[in-house]
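One structure is given here, and the rest of the page talks about it.
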Amino acid sequence: VQLQAFGGGLVQAGGSLRLSCAASGSINGIKVRRWYRQAPGKEREWVAAIMTSGTINYADSVKGRFTISRDSAKKMYLQMNSLEPEDTAVYYCNMDTIYGNYWGQGTQVTVSS
């Protein structure tokens, strides 16, 4: 199973982007879908999570601005609004399953001031 994240780019502060993550191959037993990000010189940090039950959680830094969603077992999204320069990072999708934990390759988001 491979995850591919895409949709990143360069946007001005206050703008929006929608990240997508698609899984290739069969992926079953998903427990949690998450987005993480890693800014230059910083550790990777958790951004948002959606459980199979539908429960959703966000990091305080993005609450009210970002929305995580999914529309199938293989696809997940991160709608990012009111972007700030501090949101600049490589964004990674992650799927945690009963069979293992899978990461996408990352997509760069750059927010200019």
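Quick note: the coordinates plus some simple rules give every number you see, no bench work behind them. Because the structure is a prediction, the values reported are computed rather than measured. When we count neighbours, we look across all protein chains shown, and the Cβ atoms used for this are built from the backbone with ideal geometry, even at glycine.
Straight-line cross-link reach from K74 at under 18 Å between alpha-carbon atoms covers these aspartates and glutamates, not counting any fewer than eight positions away in the same chain: D96. Could you identify which residue out of Y102, Y92, Y77 has the top mean-square fluctuation in a GNM of the chain using Cα springs shorter than 10 Å? Fluctuation is largest for Y102. Computed over the chain with a Gaussian network model linking Cα atoms closer than 10 Å, the most mobile of G15, G25, G41 is G41. The alpha-carbon of K42 sits under 19 angstrom from the alpha-carbons of these aspartates and glutamates, leaving out residues fewer than 8 places away in its chain: D60, E84, E86, D87.
Mean separation of Cα pairs under 8 Å and 6 or more residues apart, divided by the residue count, gives the stretch 16-64 a relative contact order of 26 percent. Restricting the trypsin sites (Lys or Arg not before Pro) of the stretch 50-113 to loop positions (DSSP other than H, G, I, E, B) with no more than 14 neighbouring Cβ atoms within 10 Å leaves K63.
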